[in-house]
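The values are calculated or read from the model by the stated rules, or taken from the named source; none is laboratory data. From a predicted model like this one, the values you see are computed outputs, not experimental measurements. Glycine gets a Cβ as well: all are built from the backbone with ideal geometry, and neighbour counts include every protein chain shown.
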Amino acid sequence: MKTPIVPFFISHRGCPHRCVFCDQRKISGAEGAIPSAGLILETIREYRRTSGRPAVEVAFFGGSFTSLPHSTQESLLFPLQPLIASGEVSSVRLSTRPDSLDSERAGFLRSLGVRTVEIGIQSMDDQVLSLAGRGHDAAAVERAFGCLKEQDLTVGAQLMPGLPGDTPEKSLDSLSRVLEMGPGFIRIYPALVIAGTGLADLHASGAYEPLSLEAAVALCKVMLHRSLLRGIPVIRIGLQPTADLQRAGTVLAGPWHPALRQLVEAELFHDLVSRLLGEQAPGGLSATVVCNPSRVSDVVGQGRANMDRLLREKGVRIEGVRTDPVYSSHEVAVILPDETRRGDLFNNIRYSTKDAYND
Ligand code: SF4
């Protein structure tokens with residue numbers, strides 16, 4: 001069972017920047033005051049009590065932790081030390097900017113029980129970073145990775161395809177450079193136009209158009225698949241649907257969907273079943289798909305979208321989806337009247353850069 005995470009949001013705290021896409025308060029749904037030691041300890045106690053688990057992981061999300069004054073970082077980490085020593089807090093994770101990290105700061109985090117650091121990378125293209133007002137270049141990301149790895153910290157990489165000046169090709173190039181650096185996991189947040197941000201002004205003036213939902217799904221599908229092939233987990237696609245984010249007038253434009261990941265996974269499974277069907281002659285053929293129980297909704301697609309598409313594109317009616325726990329979550333079989341074709345996302349799917357474009 002996964003260790004429960006006790007999250008503290010410190011939105012914009014410590015952050016000397018205002019990136020064009022960012023309104024941390026709306027994204028995280030929290031104002032982001034610095035929690036007191038008392039509040040931290042009480043919240044941890046409450047999580048341990050309600051979860052019934054002996055240990056929890058503490059997370060400081062939002063903002064840029066290592067840009068906070070050193071004394072503030074200490075005020076957040078010092079109260080955890082007795083709990084880390086007793087095993088009640090198993091580890092600490094936090095997020096920060098790449099240019100707010102160096103060997104000394106990485107060592108400081110390691111010494112106080114931090115084991116995972118997420119860095120907002122967004123892109124490895126210097127022009128995209130500059131247009132996004134990030135205030136650092138791709139070399140800063142490489143340096144940050146180096147410092148964190150030196151301390152044996154797990155690095156989480158956040159990428160944001162679809163920023164001004166970005167293209168699917170640049171996003172894929174950013175991903176491969178990040179994969180080369182060996183992150184522990186990746187989050188993909190396609191850029192959204194959120195009210196009150198620089199992107200909102202750019203969009204209103206006609207200078208910026210975000211990805212459409214379809215384009216984001218096509219691009220994220222290829223990004224997810226490439227990460228999968230490298231064995232790097234993508235732990236999130238699309239922002240968490242917080243109440244703030246879902247309030248009318250918050251997301252002004254862009255590929256917003258509360259279940260973006262599911263759309264992306266359903267695309268992958270559509271492509272897998274489609275490859276296994278090959279070139280079927282239109283007209284009357286039917287098939288059954290077998291998959292792991294966790295994958296039924298991905299095989300079927302939202303509103304049976306994949307079933308309808310396969311009938312339209314391949315002339316094959318999928319009569320049923322059967323589950324079999326022996327199948328891994330990456331494989332399916334297609335049972336046709338005279339043969340069964342079994343395959344998986346690793347061996348039966350290859351995407352080119354062109355597949356990341358939705359045209
Ligand atoms: S994305 Fe991070 S660095 Fe940029 S303004 Fe928001 S909190 Fe600051």
Leu239 vs. criteria in contact (Cβ under 8 Å) with a residue 40 or more places away in the chain, buried (at least 19 other Cβ atoms within 10 Å of the Cβ) and part of a loop (DSSP other than H, G, I, E, B): yes
I need the full set of residues from the stretch 158-171 which are surrounded by 20 or more Cβ atoms within 10 Å (Cβ to Cβ) and not in a loop (DSSP other than H, G, I, E, B), in order please. Leu159, Pro168, Ser171
Six or more apart or on different chains, Cβ under 7 Å: which pairs go from a residue in the stretch 146-173 that's more than 21 Å from Val20 (Cβ to Cβ) to one that's of a type in the set (Lys, Arg)? Could you list them? Gln151/Arg110; Leu153/Arg110; Leu153/Arg115; Thr154/Arg115; Val155/Lys149; Gly156/Arg187
Need pairs with beta-carbon distance below 9 Å; first residue in the same structural domain as Leu80 (by TED's automatic domain parsing) and among the basic types (Lys, Arg) and within the stretch 35-54, second loosely packed, with under 13 Cβ neighbours inside 10 Å and in a loop (DSSP other than H, G, I, E, B); sequence gap 6+ or separate chains. Arg48/Pro54; Arg53/Met1
Could you grab me the full set of residues in the stretch 90-114 that are more than 29 Å from Cys220 (Cβ to Cβ) and outside any strand (DSSP E or B)? Asp102, Ser103, Glu104, Arg105, Ala106, Gly107, Phe108, Leu109, Arg110, Ser111, Leu112, Gly113
Pairs only if they're at least six apart or on different chains, beta carbon under 6 angstrom, first in the stretch 131-144 and among the charged types (D, E, K, R), second near the ligand (Cβ under 9 Å from one of its atoms); list them, first residue then second. Arg134/Cys19
Residue satisfying condition, being outside any strand (DSSP E or B) and more than 13 Å from the ligand (Cβ to nearest atom), within set Val128, Val155, Val117: Val128
Assess whether Gly284 counts as being loosely packed, with under 14 Cβ neighbours inside 10 Å and on the phi > 0 side of the Ramachandran plot. yes
Restricting to the stretch 194-214, name every residue that is within 27 Å of His225 (Cβ to Cβ) and touching a strand residue (DSSP E or B) at 6+ places or on another chain (Cβ under 9 Å). Glu209, Pro210
Exactly one of Ala287, Ala266 is without any contact (Cβ under 8 Å) to a residue 60 or more places away in the chain, assigned to a helix (DSSP H, G or I) and either touching a helix residue (DSSP H, G or I) at 6+ places or on another chain (Cβ under 7 Å) or over 30 Å from Asp173 (Cα atoms) (or both), and that residue is Ala266
Working carefully through the options Leu311, Leu272, find the one that is in a helix (DSSP H, G or I), surrounded by 20 or more Cβ atoms within 10 Å (Cβ to Cβ), of a type in the set (A, V, I, L, M, F, W, C) and not assigned by TED's automatic domain parsing to the domain that holds Leu192. Leu272
Residue list for the stretch 106-123, filter: surrounded by fewer than 23 Cβ atoms within 10 Å (Cβ to Cβ) and either closer than 19 Å to Thr167 by Cβ or without any contact (Cβ under 8 Å) to a residue 12 or more places away in the chain (or both): Ser111
